[in-house]
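The values are calculated or read from the model by the stated rules, or taken from the named source; none is laboratory data. Here the structure is a predicted model, which is why all the values come from computation and not from measurement. Here Cβ is always computed from backbone atoms with ideal geometry, including for glycine, and neighbour counts include all displayed protein chains. Areas reflect the complete protein model, heavy atoms only, side chains present, ligands, DNA and RNA absent. Shrake-Rupley method; radii C 1.70, N 1.55, O 1.52, S 1.80 Å.
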There are 2 protein chains.
Amino acid sequence: MNKLYVIGIGPGEYEQMTLRAIHALEQSDVIIGYTVYVDLVREHFLEKEFLTTPMTKEADRCVMAFEEAQKGKTVSMICSGDAGVYGMAGLMYEIGVRYPEVELEIIPGVTAATGGAAVLGAPLIHDFCLISLSDLLTPWEKIEQRLLMAAKGDFSIVLYNPSSKKRADYLKKACDLMLTYKSGKTVCGIVSNIGRDGESCRVMSLEELRDTAVDMFTTVFIGNSQTRELEGKMVTPRGYRNV
Amino acid sequence: MNKLYVIGIGPGEYEQMTLRAIHALEQSDVIIGYTVYVDLVREHFLEKEFLTTPMTKEADRCVMAFEEAQKGKTVSMICSGDAGVYGMAGLMYEIGVRYPEVELEIIPGVTAATGGAAVLGAPLIHDFCLISLSDLLTPWEKIEQRLLMAAKGDFSIVLYNPSSKKRADYLKKACDLMLTYKSGKTVCGIVSNIGRDGESCRVMSLEELRDTAVDMFTTVFIGNSQTRELEGKMVTPRGYRNV
């Protein structure tokens, strides 16, 4: 059976990878990924063969991985964060139907939601939602509905892909929707470059977040009604009763 | 500055810990946690001092950790999964206000949602919610509202704490609520003992899930309207458009 690992490498720095991910990479002949992620791991696995494709060529990258595995090589496809959260694991299963002789193994990693939460404090202690603001593959109306439902349900909310050149005003639009059900005083936070050079974070209110410019390397956190700022940290309590 | 790490050790097996977590434990004099989690790491750090408290004594455990750090020791508080997802990170910040000389550092880990997703396939590729069915600290009405909103928003949903002796019928109640907005044919999955001995999983429909008994070591996954079963795996596509 030819082996193909799909690996979440975590936020970026080598230290934040799991041992299981490191061992799978060590056992691989070929490591495949988006150029930026390959550059994050290359120095630790210098003797490996590396293959990269640009950002928008995800399906090509998957096919490349299966083709290499079919040659009898052990292959790792790497993703930033967790391979199963807005990552390549799903597309790999879809394309994998055409390669029944290749065995897939998904290796989970630390996603930006939990990696960023650890930088901000403890914003995700209670129920939360992850929502991507990218409308490349999802109708905006669907995203809008999810923002409204998540706000109405008093979830803490993590926004992935909060901005891009074409979508400069999406975070503002998202905040306006959440303000339908959440107070403007709701404690929020942003984290940039999680686990990489230049990591930074800021805690602010939902009103302030609405008028804050973020880039595509930023993850955005919106608290629930109980979230507080505690000595500069964003902290959500375990529940609604004190025990 | 006295150092106190709050560490997510991942699902259970040593391999699923991050290097950062392992290095922090190596640097620690004392490792503190709920008995079951301490037993998962003890054999790898035999020379350390271990302190444990039972399940319901979370606040006592936090105070114990700060008191040890205040003695000048480097201390690690360990949690299963991620310390910031239904974990101890929040309570540590709340109690930490009384110990200003102790510096907290949160080290993220692989939570059951992403660890379990990797076992089932790729159920969390798109927007999703985490909801705990435990009403120990949260009014059931709040949980009910979140289940309804998450279902109405067509999120994939992960249920933590789906069952206990006192709450044997909670998963059935939760399914009935989600069935208000989700089809009975929605693809669902359950994973037990993630990353531990006896790991197992099963893919089924939401109708079947409603009548399935689960225990407290099980994490439950409910797909969105696009989630499919693909050769025994639970797979959610990246979006709603084919690109």
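Summary table below
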quantity	calculated
Some residue of the stretch B:120-133 being touching an Asp or Glu at 6+ places or on another chain (Cβ under 9 Å), crowded, with 19+ Cβ neighbours inside 10 Å and more than 7 Å from chain A (Cβ to nearest Cβ)	no
Filtered residues of the stretch A:35-45 (kept if under 24 Å from B:Arg238 (Cα atoms) and open to solvent by less than 40 Å² (accessible area, probe 1.4 Å))	A:Val38
A:Gly153 vs. criteria at pLDDT below 95 and open to solvent by less than 40 Å² (accessible area, probe 1.4 Å)	no
Count of residues meeting criterion [within 14 Å of chain A (Cβ to nearest Cβ), open to solvent by 10 Å² or more (accessible area, probe 1.4 Å) and part of a loop (DSSP other than H, G, I, E, B)] in the stretch B:12-34	1
Some residue of the stretch B:46-55 being open to solvent by 10 Å² or more (accessible area, probe 1.4 Å), touching a helix residue (DSSP H, G or I) at 6+ places or on another chain (Cβ under 7 Å), part of a strand (DSSP E or B) and of a type in the set (Phe, Trp, Tyr)	yes
B:Arg241 in a loop (DSSP other than H, G, I, E, B), in contact with a Leu (Cβ under 7 Å, 6 or more places away or on another chain), modelled with pLDDT under 95 and of a type in the set (D, E, K, R)	yes
Single match in B:Val85, B:Val110, B:Val6 (criterion: of a type in the set (Val, Ile, Thr), outside any helix (DSSP H, G or I) and touching a Pro at 6+ places or on another chain (Cβ under 7 Å))	B:Val110
Filter result (assigned to a loop (DSSP other than H, G, I, E, B) and of a type in the set (A, V, I, L, M)) within the stretch A:88-107	A:Met88, A:Val97
Options A:Leu91, A:Leu104, A:Leu136: the member that is open to solvent by 10 Å² or more (accessible area, probe 1.4 Å), free of Cβ contacts under 8 Å to residues at least 12 places away in the same chain and of a type outside the set (Lys, Arg)	A:Leu136
Qualifying residue in the stretch A:70-82 (condition: facing chain B (nearest Cβ under 7 Å) and either part of a loop (DSSP other than H, G, I, E, B) or in contact (Cβ under 8 Å) with a residue 60 or more places away in the chain (or both))	yes
Single unsatisfied condition, B:Leu206 versus (1) crowded, with 18+ Cβ neighbours inside 10 Å; (2) touching a Lys or Arg at 6+ places or on another chain (Cβ under 8 Å); (3) within 14 Å of chain A (Cβ to nearest Cβ)	(3)
A:Ser200 vs. criteria more than 10 Å from chain B (Cβ to nearest Cβ) and open to solvent by 30 Å² or more (accessible area, probe 1.4 Å)	yes
Selected residue [in the same structural domain as A:Gly223 (by TED's automatic domain parsing), touching a residue at least 24 places away in the same chain (Cβ under 8 Å) and in contact with a Gly (Cβ under 7 Å, 6 or more places away or on another chain)] from A:Ala122, A:Ala174	A:Ala122
Odd one out for B:Ala59 among (1) crowded, with 16+ Cβ neighbours inside 10 Å; (2) within 12 Å of chain A (Cβ to nearest Cβ); (3) of a type in the set (A, V, I, L, M); (4) part of a helix (DSSP H, G or I)	(1)
Any chance A:Ala112 is more than 9 Å from chain B (Cβ to nearest Cβ) and under 28 Å from B:Met149 (Cα atoms)	yes
